[in-house]
Structures are given as C-alpha cells and as structure tokens.
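The values are calculated or read from the model by the stated rules, or taken from the named source; none is laboratory data. The structure displayed is predicted, hence computed values, not measured ones. Every residue, glycine among them, receives a Cβ derived from its backbone with ideal geometry; neighbour counts consider all protein chains shown. Protein only, heavy atoms only, side chains kept; ligands, DNA and RNA dropped before computing areas. Shrake-Rupley method; radii C 1.70, N 1.55, O 1.52, S 1.80 Å.
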Amino acid sequence: AQTVTQSQPEMSVQEAETVTLSCTYDTSESDYYLFWYKQPPSRQMILVIRQEAYKQQNATENRFSVNFQKAAKSFSLKISDSQLGDAAMYFCAYRSALGTQTGANNLFFGTGTRLTVIP
Amino acid sequence: SAVISQKPSRDICQRGTSLTIQCQVDSQVTMMFWYRQQPGQSLTLIATANQGSEATYESGFVIDKFPISRPNLTFSTLTVSNMSPEDSSIYLCSVGWGATEAFFGQGTRLTVV
C-alpha cells in the first residue's frame with residue numbers, strides 16, 4: 001500500500017519569506033500523481049499544485065513550486081513570498097495512475113503540516 | 001471542474017443516533033469517495049461508492065456502521081450509525097476528475113455528545 005509521510009507537524013514563516021514543506025512517499029508503482037492540498041479553517045480542501053510522476057520538470061503555480069525527486073520519493077512544496085492567506089493545513093497526497101481501471105484513484109494523504117504565517 | 005454540495009455542514013448529535021450526510025455533484029461521475037478526518041488528523045478513506053453497486057469499504061470500516069447509498073451518478077449519502085463520541089470527525093465527500101483532479105465537498109463537522 002502507498003504511504004505518504006509529512007514529518008513536519010507545524011511550520012511557521014514570516015510574511016514575505018519563503019518556506020518549504022516536506023513530503024516523502026512510498027510506492028512500488030512507476031506512474032502516479034502527487035498533490036499538495038491546502039485546508040484552511042473553512043475545511044474546504046483546495047488543490048495547490050500537482051505533479052505527474054512521468055514529468056521530470058517540477059510543477060510551478062505562481063508562488064508555489066515543488067521539488068520532485070522521484071528516485072528519492074520526495075515531493076516538497078516551496079511557498080515564496082508567503083502571505084497571511086497561506087496559513088492553513090497543507091496535505092501531501094498520492095494517487096495511482098491506474099485510475100478507474102482498478103478503482104484505485106482515491107487519494108492517499110499525509111498527516112499534514114500546519115503552516116502559520118507571522119505578520 | 002466539478003462543484004460538490006455537501007450537507008449538513010455541521011451537526012451535534014446524541015450518542016446512539018444516526019446522521020445521514022448528503023453529497024450532490026453538478027456533473028455525472030463514476031466514483032465518489034467518502035473520507036473521515038478525525039480531530040487534528042489526516043483524511044482517511046472510508047469507502048468508494050460506485051453507482052449501481054455496493055460500496056467498497058476500507059479496512060476498519062464496515063457497512064453496518066457507515067452505510068452508503070449511490071442512487072445515481074450525481075448523488076451519494078453516507079450514514080454514520082449508532083454514533084459514539086469517537087465518531088466526532090469531519091466527513092468529506094470527494095470525486096475524482098480525470099487523472100489529476102479531485103474535488104471535495106465542504107465537509108461535515110460532526111460532534112457526538
């Protein structure tokens with residue numbers, strides 16, 4: 001079974017600074033997808049960024065970027081120019097690329113990192 | 001994209017009672033997923049609900065405790081039965097969208113007293 005590990009239960013960053021959240025995962029599959037989700041106090045899960053495992057290029061979405069190291073099974077999230085609105089729980093998640101063929105397209109989540117942004 | 005309406009958004013229930021959570025999607029989807037998020041914890045998959053067949057439950061979750069209905073391709077319900085304080089959690093429904101998207105309902109915060 002796939003496992004996702006986030007070793008940082010809490011992180012804090014000064015506003016306008018950069019922070020990196022760590023995520024490692026374990027899988028025997030070669031093709032899969034990785035995600036970072038943000039969950040603010042409203043409980044709504046919001047997709048921040050995703051990475052296809054077959055792509056070597058790291059995904060970037062505005063101030064958010066990832067460092068995807070497939071061999072090391074590492075998938076960290078970098079938030080640049082942190083803003084107060086970035087404060088939330090961040091979850092790293094894994095999805096198999098087998099998809100609907102096996103019904104295995106649910107997400108496996110890490111335990112989350114609570115990010116605090118200090119004004 | 002898909003928009004998911006989940007209700008109720010929160011409820012406080014007496015132990016021993018049951019609560020049914022509804023999830024309505026604005027598009028037809030094959031599979032819907034129900035997750036539980038216990039206080040301060042991550043999301044754990046309860047079951048996968050396919051239209052026209054019985055839900056598939058993950059280890060540690062049973063149909064008698066969490067019966068699921070999936071009457072059509074846009075709607076599903078999860079019932080939390082015979083509740084105890086340990087069932088106090090956030091329950092979320094989700095749909096997969098293609099290979100790289102997943103959309104979530106707003107979550108139901110359940111408190112059992």
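How would chain A be classified by its alpha-carbon gyration tensor: rounded, prolate or oblate, with rounded meaning a/c under 1.5 and the a/b versus b/c comparison settling the rest?
Details: a/c = 2.05, a/b = 1.70, b/c = 1.20.
Since a/c reaches 1.5 and a/b is larger than b/c, the shape of chain A is classed as prolate.
When DSSP assigns beta bridges and you keep just the ones with both residues in the protein assembly as shown, what percent turn out antiparallel, to the nearest 5? Working shown, then result.
Working: 69 of 78 bridges.
Here the antiparallel bridges make up roughly 90 percent for the protein assembly as shown.
Shielding by partners for A:42-52, please: the mean number of other protein chain Cβ atoms within 10 Å of each residue's Cβ.
Details: counts 3, 12, 5, 11, 1, 5, 0, 0, 4, 1, 2.
Per-residue shielding by partner chains comes out at 4.
Using the alpha-carbon centroid of each, what span in Å lies between segment B:1-77 and segment A:38-53?
19 Å
Quote the FRET efficiency, to the nearest 0.05, computed for residue B:81 versus residue B:5 with a Förster distance R0 of 35 Å and r equal to the Cβ-Cβ distance. Numbers along the way, then the final one.
Working: r = 23 Å, r/R0 = 0.66.
So, using R0 = 35 Å, E works out to roughly 0.95.
Taking a cut-off of 25 Å between Cα atoms, list the lysines near residue A:70, but don't count ones fewer than 8 places away on the same chain.
Result set, ordered by chain and number: A:38, A:55, A:78.
Once you put a point 7 Å from the Cα of residue A:5 and another 7 Å from the Cα of residue A:58, both along the Cβ direction, what distance in nm separates them?
Placing both labels 7 Å beyond Cα along the Cβ direction yields 2.1 nm.
If you build a Gaussian network model of chain B, linking Cα atoms that sit under 10 Å apart, which residue out of B:22, B:41, B:14 swings the most?
B:41
Which whole number in µm²/s is D for the protein assembly as shown by Stokes-Einstein, with the Kirkwood Rh taken over Cα pairs at 25 °C and 0.890 mPa s?
Numbers: Rh = 18.3 Å.
Calculated translational D: 134 µm²/s.
Carbon and sulfur: what percent of chain B's accessible surface (1.4 Å probe)?
Numbers: 2440 of 5130 Å².
On chain B, the fraction of accessible area on carbon and sulfur atoms equals 48 percent.
Any idea how far apart residue B:64 and residue B:41 come out in nm if each label point goes 7 Å out from Cα toward Cβ?
Distance between label points: 2.1 nm.
Per residue of B:38-48, count partner chain C-beta atoms within 10 Å of its C-beta, then hand back the mean as an integer.
Mean shielding count: 4.
State, to one decimal in nm, how far the label point of residue B:72 lies from the label point of residue B:12, with both points 7 Å from Cα in the Cβ direction.
Roughly 3.6 nm, to one decimal.
Mean-square fluctuation check for chain A, GNM, Cα pairs under 10 Å: which of A:106, A:67, A:58 is largest?
Greatest mean-square fluctuation among the candidates belongs to A:106.
How long are the semi-axes of the equivalent ellipsoid of chain B, taking √(5λ) for every eigenvalue λ of the Cα gyration tensor, in whole Å from largest down?
Working: eigenvalues 99, 42, 33 Å².
Semi-axis lengths for chain B are 22, 14, 13 Å.
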